[in-house]
Amino acid sequence: MTNEPINLTIDNIKVTAKQDTTILEVAKQYGINIPTLCELEGLSSYSGCRLCLVEIRGSTKLFAACTTPVTSGMEITTNSDKLKEYRKITLSLLLSERTHICSVCVANGNCELQDLSNELGVDHVPFEREWTNHTLDSGHNFLVIDRNRCILCTRCIRVCQETEGAHTLDLKNRGKDAQITIDFDALWKNSSSCTSCRKCAKVCPTGAIYVDDDFISKTKDKNIANFLLKRRQL
Amino acid sequence: MDKNKKPTFATVWLSGCSGCHMSFLDLDEALIEIANKVQLVYSPLIDIKEFPEQVTITLVEGAIANEEQLSMIKKVRTRTSILVALGDCAVTGNVTALRNTEIDGDKKVLKRAFIETSDINPQIPNEVSKLLKKVYPLHEKIPVDYYIPGCPPSPENILYFLTELLAEKSPQVEKRTKFG
Amino acid sequence: MRLADIQKIAEIEVDFQRAYKYRINVCCSSGCIPLGAINLLKTFQDLVTEHGVIENCLVARTGCVGTCSVGPVVVVEPGDYIYEKVTPEKARKIVIDHIILGLPVKKLLFENKTFIEKQHRLVLRNAGKIDPYRIEDYIASGGYSALVKCLTKLSPQEVIDEIAASGLRGRGGAGFPTAKKWSFVSRAHGSPKYIIANLDEGDPGVFANRTLAEADPHALIEGLLIAGYAIGAEKAFIYTRAEYPLAIDTLKKAINKASELNIIGKNVLGTSLNFDIEIRLGAGAFVAGEETAIIASVEGRRAMPRPRPPYPATAGLWGKPTVIQNVETLANIPLILQNGGAWFSKIGSPNCAGTKCFSITGKINNPGLIEVPMGITLREVIFDIGGGIPENRSLKAVLVGGPSGGCLPDILLDLPIDYESLKTAGAIMGSGGIVAIDDQSCLIDTAKFFIDFCVAESCGKCTPCRVGLVKIKEIFKKIMQGEGKIEDINLLSKLSTFITETSLCGLGQTAPNPVLTTLRYFKQEYVEHLVDRSCKADKCFKENKGVNIN
């Protein structure tokens with residue numbers, strides 16, 4: 001494979017990219033904003049939220065910007081009317097899935113789901129809500145998980161496994177019943193693998209995992225995974 | 001809208017904390033400006049009992065939680081040209097709808113409010129309108145023309161919305177406000 | 001054992017079988033066993049001993065004959081007389097009349113000529129004919145001769161060329177050209193290379209792959225060996241589900257036997273080929289049939305799909321180049337090598353060579369497992385082979401391709417069955433499920449049934465599939481409770497298209513197919529439900545209003 005730069009266009013802007021970079025990475029370099037929720041720099045890509053879908057000329061399919069590598073001559077559209085509408089549907093689906101009530105949420109004002117809904121113009125949820133009622137696990141000394149606010153982006157699972165190396169968190173069940181689980185379905189206070197490092201709370205895009213008695217604006221740290229990754233590579 | 005006649009204007013208060021109305025009142029001096037442009041025909045702020053036959057703009061605060069509110073909002077809808085869901089309760093159900101997370105939430109809230117937390121003579125009153133099994137945001141029961149999310153929406157956003165609407169533009173309030 | 005020994009085994013076995021005048025094949029597959037097939041096998045063995053014809057008549061345990069609705073099924077050779085619903089009493093009659101007196105018992109025979117004649121059994125060539133537990137039986141019917149041919153006469157590239165000439169396409173549903181997949185992997189950098197046989201049939205009402213594994217495990221093993229030789233892989237995994245105990249048992253015994261004879265293992269048949277096969281069991285999730293989910297599951301992780309690229313051909317199992325192939329595709333391989341790609345390419349339709357196995361179920365007279373040439377019409381499958389609709393009812397729709405297939409109306413009955421035609425019509429080949437739906441069925445109810453299935457089987461990874469399908473289900477629930485609005489038609493259509501276009505894997509991308517096709521071909525039925533509140537099949541509007549059904 002050669003290391004020659006790749007030329008392509010994103011939203012009619014001519015851009016140059018290195019081999020093996022994703023559409024999302026290139027767009028970011030050129031200040032083109034593609035909305036994401038599950039993607040986080042420094043962690044593996046998950047491609048679950050489907051917000052970053054883009055169009056590529058010549059294909060009727062949509063491509064997840066976070067995982068699709070750029071190739072020479074690609075003509076990418078990140079913001080067509082269809083994509084805008086689809087992103088609104090995706091956000092609405094996420095908002096309807098569990099009990100998201102911003103006004104009483106610890107993350108109100110510091111929530112990526114809330115911000116994106118605002119940014120992309122979701123002013124109501126056209127689907128019936130599920131009104132889930134999962135039990136709050138607040139037994140840990142300071143870490144709290146409220147699964148009613150979880151959007152299953154799995155950032156916490158990935159940061160726990162890939163950055164912290166603890167693999168305390170994982171998924172259980174499937175489909176709409178999928179849940180973040182601690183060890184083998186333990187309460188957090190009983191976890192034998194959790195190092196209480198708080199990284200899960202730092203990367204959680206909503207108020208699903210948070211640090212009790214801490215200002216959420218101080219807890220959240222989207223750069224933690226990337227920062228540690230870079231430092232460890234030094 | 002008829003240019004010669006001031007558009008009629010109403011506000012409705014369903015199940016909400018009245019915070020959205022407070023926010024509306026917080027328009028302060030801008031209220032005078034609005035008052036010059038519209039004719040206020042119905043509101044919890046004024047003493048008119050029956051919702052008028054023909055209203056141009058109605059702001060609705062609160063979610064639909066009981067049978068009376070359901071029939072009220074249906075009436076309001078048929079009599080209103082532009083119906084606006086004002087605030088998170090009207091838009092999403094918000095705190096009012098928290099009882100939806102419980103099975104038999106309607107019974108549980110009544111029990112909590114009138115029995116468990118009652119100091120004297122605990123009993124569930126039967127003269128109030130029957131609660132619906134679930135609480136609904138407006139658009140699940142009637143068509144809504146505009147949504148102004150927020151808990152409450154800021155006075156600035158309400159003012160922006162009304163000013164644009166009264167100038168016969170289509171306000172794009174969704175980029176300014178957010179849930180919560 | 002050496003290469004030439006295969007031929008010797010075949011000769012000895014053929015001589016052994018020739019000594020018998022008759023052969024009684026008792027179907028002992030998952031369909032017939034619950035109906036008493038194992039006891040029946042014993043009964044026949046006792047009967048031939050009792051009547052002193054044991055020297056004359058071989059009683060064999062076999063896999064599925066295909067006429068699953070009339071089990072237990074027994075086939076008497078020569079002449080392939082199929083006896084249906086055989087009981088111990090009938091067995092006695094068969095032995096006395098047919099075996100001793102040479103008079104087939106006409107009134108006990110399965111009489112449906114077209115069921116047999118319209119089929120073209122290649123993959124199922126040995127199903128119901130050989131004893132799956134006896135490797136000699138497979139070898140006598142020409143088994144492993146293709147492997148010997150490959151190892152002695154053909155280079156790996158020539159094997160791939162032969163497959164290319166055959167025009168064989170993946171039978172797992174998407175129809176990707178097999179030779180192309182093999183070339184990618186054979187050229188891919190990285191070693192070792194792997195093969196995964198996909199035996200994870202998750203669709204309700206589909207049992208073709210299971211039946212194949214139960215009836216002819218060695219065809220699968222031989223297919224894997226040839227694939228391994230062609231692409232340079234030394235390790236294969238057969239991925240199946242724990243719910244297939246008989247298939248697993250049959251495969252395990254077959255693998256052990258093949259190892260004993262040095263057909264798999266180190267230096268296969270004295271050549272330089274090393275090849276090993278391992279069975280991996282999944283916990284039974286529909287999504288685990290998706291190729292990247294299989295990889296995750298074989299690696300020991302949760303069966304969740306991941307985005308492609310990278311494709312498994314370049315970075316599959318443990319990041320190594322991997323061929324993932326449906327077992328039906330693999331079972332075709334030995335035949336193609338035996339008879340040549342050109343021979344194979346003439347079977348079926350021009351751009352879609354070969355045959356396809358279908359599990360036909362639903363409101364149909366002869367449900368069962370069939371194999372037909374590609375390009376056959378749905379009408380032939382439903383009416384000629386399937387024997388039409390029971391109780392003189394009429395056919396309303398045919399669901400092709402399993403739960404994420406499409407509901408096609410009777411006006412499309414003359415549609416030829418191949419990948420492209422089905423796709424144009426809104427259905428998919430899928431894993432080969434065909435469900436006949438009669439005029440007593442409500443298609444709203446049917447579409448909801450399949451959406452329910454996909455809601456339960458969604459892995460939960462991507463938003464559109466996990467949440468979107470639930471919303472579709474809720475809309476259906478409302479329609480069936482009489483609370484639907486006419487706008488729901490547009491909402492269903494919009495949501496379905498959204499889920500199709502935005503989902504991560506094939507499950508989500510195809511799950512709305514039953515909705516989209518019923519909307520396309522049976523919109524009137526939705527209108528009747530939504531406007532007139534009428535359900536002609538009388539399936540809907542039965543729940544009390546306001547009561548929450550789940």
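In region A:110-132, which residue that is assigned to a helix (DSSP H, G or I) and at the interface with another protein chain (Cβ under 7 Å from one of its Cβ atoms) is surrounded by the fewest Cβ atoms within 10 Å (Cβ to Cβ)? Talk me through it step by step, then tell me what you get.
Start the filter on region A:110-132 by keeping residues that are assigned to a helix (DSSP H, G or I), which leaves A:112-119.
When the remaining residues are screened for being at the interface with another protein chain (Cβ under 7 Å from one of its Cβ atoms), the result is A:114, A:117-118.
Details: A:GLN114: 25, A:SER117: 26, A:ASN118: 20.
Going through the qualifying residues, I end up with A:ASN118.
Kindly evaluate B:PRO125 against the criterion of being under 19 Å from A:ASP123 (Cβ atoms) and in a loop (DSSP other than H, G, I, E, B). Spell out the reasoning first.
Values: under 19 Å from A:ASP123 (Cβ atoms): no; in a loop (DSSP other than H, G, I, E, B): yes.
It is false that B:PRO125 is under 19 Å from A:ASP123 (Cβ atoms) and in a loop (DSSP other than H, G, I, E, B).
Criterion first (over 30 Å from B:GLU33 (Cβ atoms), crowded, with 18+ Cβ neighbours inside 10 Å and of a type in the set (A, V, I, L, M)) does B:LEU131 satisfy it? Judged against the criteria, B:LEU131 is a match.
Pairing each residue of region C:249-277 that is on the phi > 0 side of the Ramachandran plot and free of Cβ contacts under 8 Å to residues at least 60 places away in the same chain with any residue that is open to solvent by 30 Å² or more (accessible area, probe 1.4 Å) and part of a helix (DSSP H, G or I), provided the two are 6+ apart or on different chains, yields C-beta distances under 9 Å for C:GLY265/C:SER259. Is there a residue in region C:196-214 that is in a helix (DSSP H, G or I), farther than 24 Å from C:LYS423 by Cβ and among the hydrophobic types (A, V, I, L, M, F, W, C)? Yes.
The number of residues in region C:75-90 that are under 22 Å from C:PRO367 (Cα atoms) and surrounded by fewer than 16 Cβ atoms within 10 Å (Cβ to Cβ) comes to 3. Looking at region B:108-127, which of its residues are of a type in the set (A, V, I, L, M) and either open to solvent by less than 80 Å² (accessible area, probe 1.4 Å) or on the phi > 0 side of the Ramachandran plot (or both)? Selection gives B:VAL109, B:LEU110, B:ALA113, B:ILE115, B:ILE124.
Scanning region B:81-107 for residues that are assigned to a loop (DSSP other than H, G, I, E, B) and open to solvent by 10 Å² or more (accessible area, probe 1.4 Å), which turns out farthest from the other protein chains (Cβ to nearest Cβ)? By that ranking, first place goes to B:ASP104. Restricting attention to region A:177-188, does a residue exist that is in contact (Cβ under 8 Å) with a residue 12 or more places away in the chain, in a helix (DSSP H, G or I), away from chain C (no Cβ under 14 Å) and surrounded by fewer than 22 Cβ atoms within 10 Å (Cβ to Cβ)? Yes, some residue in region A:177-188 is in contact (Cβ under 8 Å) with a residue 12 or more places away in the chain, in a helix (DSSP H, G or I), away from chain C (no Cβ under 14 Å) and surrounded by fewer than 22 Cβ atoms within 10 Å (Cβ to Cβ). Given the criteria closer than 30 Å to C:GLY388 by Cβ, within 14 Å of chain A (Cβ to nearest Cβ) and either more than 25 Å from the chain's Cα centre (by Cα) or surrounded by 20 or more Cβ atoms within 10 Å (Cβ to Cβ) (or both), does C:CYS462 qualify? In short, no. Close contacts from region C:301-324, counting a first residue that is among the small types (Gly, Ala, Ser) and a second that is assigned to a loop (DSSP other than H, G, I, E, B) and surrounded by fewer than 18 Cβ atoms within 10 Å (Cβ to Cβ), with Cβ to Cβ under 9 Å and a gap of 6+ residues or different chains, come to C:ALA303/C:ALA283; C:ALA315/C:GLY190; C:ALA315/C:PRO309; C:GLY316/C:PRO310; C:GLY319/C:GLY190; C:GLY319/C:PRO310. Which members of region A:80-102 meet the condition of being farther than 14 Å from C:LEU495 by Cβ, of a type in the set (Lys, Arg) and within 13 Å of chain B (Cβ to nearest Cβ)? The answer is A:LYS84, A:ARG98. Just so you know, in region A:133-146 the residues that are open to solvent by less than 40 Å² (accessible area, probe 1.4 Å) and in contact (Cβ under 8 Å) with a residue 60 or more places away in the chain include one that is farthest from the other protein chains (Cβ to nearest Cβ), and it is A:LEU143.
Taking the conditions exactly as written (under 22 Å from A:PRO205 (Cα atoms), of a type in the set (S, T, N, Q), open to solvent by 80 Å² or more (accessible area, probe 1.4 Å) and modelled with pLDDT of 95 or more), does A:ASN12 satisfy them or not? It would help to see each step written out before you state the result.
On the way: under 22 Å from A:PRO205 (Cα atoms): no; of a type in the set (S, T, N, Q): yes; open to solvent by 80 Å² or more (accessible area, probe 1.4 Å): yes; modelled with pLDDT of 95 or more: yes.
Answer is no for this residue.
This table checks each residue for (1) of a type in the set (Lys, Arg); (2) within 21 Å of A:LEU37 (Cα to Cα).
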| residue | (1), (2) |
| --- | --- |
| A:LEU120 | no, yes |
| A:ARG174 | yes, yes |
| A:THR181 | no, yes |
| A:SER191 | no, no |
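With the requirement that a residue be within 8 Å of chain C (Cβ to nearest Cβ), touching a residue at least 60 places away in the same chain (Cβ under 8 Å) and of a type in the set (Ser, Thr, Tyr), what does region A:42-79 give you? Within region A:42-79, just A:TYR46 meets the criteria.
With the requirement that a residue be polar (S, T, N, Q) and at pLDDT 95 or above, what does region C:362-393 give you? Break it down into steps so the answer makes sense when it comes.
So in region C:362-393, the residues polar (S, T, N, Q) come out as C:365-366, C:377, C:392.
Once the filter is applied, which keeps residues that are polar (S, T, N, Q) and at pLDDT 95 or above, region C:362-393 yields only C:THR377.
For region A:15-32, filtered to residues that are aliphatic (A, V, I, L, M) and not in a loop (DSSP other than H, G, I, E, B), the residue that is surrounded by the fewest Cβ atoms within 10 Å (Cβ to Cβ) is A:VAL15. Checking the structure you have, find out if any residue of region C:292-312 is away from chain A (no Cβ under 12 Å), part of a loop (DSSP other than H, G, I, E, B) and open to solvent by less than 10 Å² (accessible area, probe 1.4 Å). Checking region C:292-312: at least one residue is away from chain A (no Cβ under 12 Å), part of a loop (DSSP other than H, G, I, E, B) and open to solvent by less than 10 Å² (accessible area, probe 1.4 Å).
Criterion applied to C:LYS423, C:LYS448, C:LYS477 was being among the basic types (Lys, Arg) and surrounded by fewer than 17 Cβ atoms within 10 Å (Cβ to Cβ), and the one residue passing it is C:LYS423. For beta carbons closer than 6 Å, sequence separation of 6+ or different chains, a first residue in region A:8-25 that is hydroxyl-bearing (Ser, Thr, Tyr) and a second that is at pLDDT below 95, the qualifying pairs are A:THR16/A:PRO5. Here A:ARG149 does not qualify as out of contact with any helix residue (DSSP H, G or I) (no Cβ under 6 Å at 6 or more places or on another chain) and more than 14 Å from chain B (Cβ to nearest Cβ).
How about region A:189-211: which of its residues are touching a Cys at 6+ places or on another chain (Cβ under 7 Å) and in a loop (DSSP other than H, G, I, E, B)? The answer is A:CYS204, A:PRO205, A:THR206, A:GLY207, A:ALA208. For region C:95-111, indicate whether the set of residues that are under 19 Å from C:GLU371 (Cα atoms), among the basic types (Lys, Arg), at pLDDT below 95 and open to solvent by 30 Å² or more (accessible area, probe 1.4 Å) is non-empty. Checked region C:95-111: no residue is under 19 Å from C:GLU371 (Cα atoms), among the basic types (Lys, Arg), at pLDDT below 95 and open to solvent by 30 Å² or more (accessible area, probe 1.4 Å).
Applying the criterion of being of a type in the set (Gly, Ala, Ser) and assigned to a helix (DSSP H, G or I) to the residues of region C:152-169, the residue that is least open to solvent (accessible area, probe 1.4 Å) is C:SER166. Of all residues in region B:135-180, those satisfying the criterion of being more than 17 Å from the chain's Cα centre (by Cα), outside any loop (DSSP other than H, G, I, E, B) and of a type in the set (D, E, K, R) are B:GLU156, B:GLU164, B:GLU174, B:LYS175.
The values are calculated or read from the model by the stated rules, or taken from the named source; none is laboratory data. Just so you know, these numbers come straight off a predicted model, no measurement behind them. Positions of Cβ are generated from backbone atoms using ideal geometry, with glycine treated the same way; all protein chains shown enter the neighbour counts. When the accessible area is computed, the model is the full protein with side chains, heavy atoms only, and any ligands, DNA or RNA have been set aside. Shrake-Rupley method; radii C 1.70, N 1.55, O 1.52, S 1.80 Å.
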